[in-house]
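The next block holds one structure in the form of structure tokens; read it before the comments.
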Amino acid sequence: MNGVRKAVLEDIPQVAAIYDHILSQEERGEAAVGWIRGVYPTRQTALDALEAGTLFVLEREGSVAAAAKIDQNQVPEYANAPWRYPDVPPEQVMVLHTLVVDPAFSGQGCGREFVRFYEEYAMAHGCPCLRMDTNAKNAAARRLYARLGYWESGIVPCDFNGIPGVQLVCLEKKLG
């Protein structure tokens with residue numbers, strides 16, 4: 001099966017391997033996402049999302065090609081962002097967290113496909129306002145999100161997910 005679906009326990013090793021591949025790329029200077037091995041993201045990050053029922057995976061050719069958490073949890077740091085749509089009720093906001101694409105599937109449209117699913121999922125759940133974040137260092141993610149119509153509302157300096165000194169780029173999009 002190809003496409004996005006809710007994750008199952010058997011997906012966790014592949015999701016954790018994607019985190020590991022991205023962290024290794026960062027450590028070799030081949031990528032800049034702003035993560036720290038052993039701090040964030042970890043296997044436990046994926047397990048916690050799975051347990052909450054909010055972990056989704058994009059399957060391609062029998063492998064997990066991408067993963068992310070989708071829920072309505074606006075992290076506390078979002079309170080400091082100058083949102084374009086600040087008056088949207090929280091129950092109408094959907095949030096995408098920790099979108100990862102396996103480097104083996106890079107350049108194959110997995111990120112775009114996952115975000116399209118996120119948007120459809122949000123609308124199906126009555127959430128026309130979409131929010132997400134990324135580290136300012138993650139130029140590739142920022143380019144992708146800009147191409148997909150997400151507006152950078154601002155950068156919030158903070159310690160985020162246990163990582164000190166993050167420049168958290170907060171992004172937003174409102175669906176018609």
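All of the numbers you see were taken from the coordinates with simple rules; none came from a lab. Not measured: the values here are computed from a predicted model. Cβ: placed from backbone, ideal geometry, glycine included. Neighbour counts: every protein chain shown.
Taking the conditions (1) crowded, with 18+ Cβ neighbours inside 10 Å; (2) out of contact with any helix residue (DSSP H, G or I) (no Cβ under 7 Å at 6 or more places or on another chain); (3) not in a loop (DSSP other than H, G, I, E, B) in turn, Val64 satisfies each one other than (2).
When Glu77 is tested against (1) closer than 22 Å to Pro128 by Cα; (2) over 16 Å from the mean Cα position of the chain (by Cα), exactly one condition is not met: (2). Is it the case that some residue within segment 139-150 is touching a Phe, Trp or Tyr at 6+ places or on another chain (Cβ under 7 Å) and under 26 Å from Arg5 (Cβ atoms)? Scanning segment 139-150, I find no residue that is touching a Phe, Trp or Tyr at 6+ places or on another chain (Cβ under 7 Å) and under 26 Å from Arg5 (Cβ atoms), so the answer is no.
Residues that are among the β-branched types (Val, Ile, Thr) and closer than 17 Å to Trp151 by Cβ were ranked within segment 77-120; the one that is surrounded by the fewest Cβ atoms within 10 Å (Cβ to Cβ) is Val88. A count restricted to segment 113-133 and to residues that are in contact (Cβ under 8 Å) with a residue 40 or more places away in the chain and farther than 24 Å from Pro89 by Cβ stands at 2. All conditions but one from (1) closer than 16 Å to Lys69 by Cα; (2) in contact (Cβ under 8 Å) with a residue 60 or more places away in the chain; (3) in a loop (DSSP other than H, G, I, E, B) apply to Tyr85; the one that does not is (1).
Yes or no, residue by residue, for (1) more than 18 Å from Gly34 (Cα to Cα); (2) in contact (Cβ under 8 Å) with a residue 60 or more places away in the chain; (3) in a helix (DSSP H, G or I); (4) among the polar types (S, T, N, Q):
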residue: Glu51; (1), (2), (3), (4): yes, no, yes, no
residue: Phe56; (1), (2), (3), (4): yes, yes, no, no
residue: Ala68; (1), (2), (3), (4): no, no, no, no
residue: Glu77; (1), (2), (3), (4): no, yes, yes, no
residue: Glu91; (1), (2), (3), (4): yes, no, yes, no
residue: Thr98; (1), (2), (3), (4): no, no, no, yes
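Every residue, every condition in (1) in contact with a Pro (Cβ under 6 Å, 6 or more places away or on another chain); (2) of a type in the set (S, T, N, Q); (3) in a helix (DSSP H, G or I); (4) closer than 19 Å to Val115 by Cβ, yes or no:
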{"site": "Glu10", "(1), (2), (3), (4)": "no, no, yes, no"}
{"site": "Gln14", "(1), (2), (3), (4)": "no, yes, yes, no"}
{"site": "Asp20", "(1), (2), (3), (4)": "no, no, yes, no"}
{"site": "Glu26", "(1), (2), (3), (4)": "no, no, yes, no"}
{"site": "Gly38", "(1), (2), (3), (4)": "no, no, no, no"}
